[in-house]
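Visitor: The structure is given below, and queries will be raised subsequently.
A short reminder: the numbers here are calculations on the coordinates, not readings from a lab. Treat the numbers as computed from the prediction; the structure is a model and nothing was measured. All Cβ positions, glycine included, derive from the backbone under ideal geometry; neighbour counts span all protein chains shown.
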Amino acid sequence: MKFLKNPWVRVIFIILLAASLLYMPTREFLKITCLPGILAVFLAAFMRKQDKRSRKWMIAALGLVVLSGTYLYFLTQLPERIEVRRIMATGSALTRQGQYDRAMAEYSKLEKLGAKNKMQAKLDEVEIEKKAQRDLELAKQMVKNGDYSEARKLINTIPRQTKAAEEAARILVSISDSNK
């Protein structure tokens, strides 16, 4: 026990704990475990204060059984949840990097995990980003060729929530400045 009282051991333990929270499977496990754990402690404490086999004790015991079953069910779903989160994070990173086809391939893996709605929503987002990037490149080419009015029209069709919209706004400002 003297070993655990050493401040360096405590610092290392805290660092390891913080590092484990950066690991997605650990975070998912804690999300699933903490709330049911708190409720279980509350129910167990409540049961302890009640007369055994009383109505309140039975209801609390039933709640504890239901809570335990729900927790076990969520634990069985944990690997799929982790995989869905991993796919979403990878697809999002690929989209930000402009690798739209790879992002779409990554998001397509969600169908196998039963997350078809999420998959379709993410594929739609990537398609919008991809089209916005194509339109931006075409508008740049138009500006280079001196076709400012067509470039302006095309830039105005680029959705504001896309990555390409920021650069499109700068090009629009530069077009306006060059026409003055």
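Visitor: For T90, what is the net charge nearby, where nearby means another residue's Cβ is under 14 Å from its Cβ and Lys, Arg count +1, Asp, Glu -1?
Guide: That works out to +4.
Visitor: Could you work out how far apart the two model spin labels at I82 and T70 are, taking each label as a point 7 Å from the Cα in the direction of the beta carbon, and quote it in nm?
Guide: 2.3
Visitor: Can you give the Rg/Rh ratio of the chain, where Rg is from the C-alpha atoms and Rh is the Kirkwood radius?
Guide: Reported Rg/Rh, Kirkwood definition of Rh: 1.26.
Visitor: Cross-link list K31/K122; K140/K163; K130/K153; K109/K163; K31/K109; K118/K163: which exceed 22 angstrom alpha carbon to alpha carbon?
Guide: Check vs 22 Å cut-off fails for K31/K122; K109/K163; K31/K109.
Visitor: Here's something else I'd like to know. Given a Förster distance of 30 Å, report the FRET efficiency between L138 and I15 from their Cβ-Cβ distance, rounded to the nearest 0.05.
Guide: 0.05
Visitor: Hey, quick one: spin label on A45, modelled 7 Å out along Cα-Cβ, who in the range 67-87 has an amide N within reach, i.e. under 19 Å?
Guide: Zone members listed by number: 67-68.
Visitor: Quick one: order D147, D51 by neighbouring beta-carbon count within 10 Å, fewest to most.
Guide: D51, D147
Visitor: Regarding the range 40-110, what is the average projected area of its C-alpha convex hull, in nm²?
Guide: 6.2
Visitor: What does the convex hull of the alpha-carbon atoms of the range 24-79 project to on average, in nm²?
Guide: Working: hull surface 14.7 nm².
Averaged projected hull area, Cα only: 3.7 nm².
Visitor: Here is a further query. Taking the radius of gyration and the Kirkwood hydrodynamic radius from Cα positions alone, what is the Rg/Rh ratio for the range 1-54, to two decimal places?
Guide: Taking Rh as the inverse mean 1/r over Cα pairs, Rg/Rh reads 1.23.
Visitor: Could I ask something else about it? What FRET efficiency comes out for Q99 versus S149 if R0 is 35 angstrom and r is the Cβ-Cβ distance? Round to the nearest 0.05.
Guide: E between Q99 and S149, to the nearest 0.05, is 0.60.
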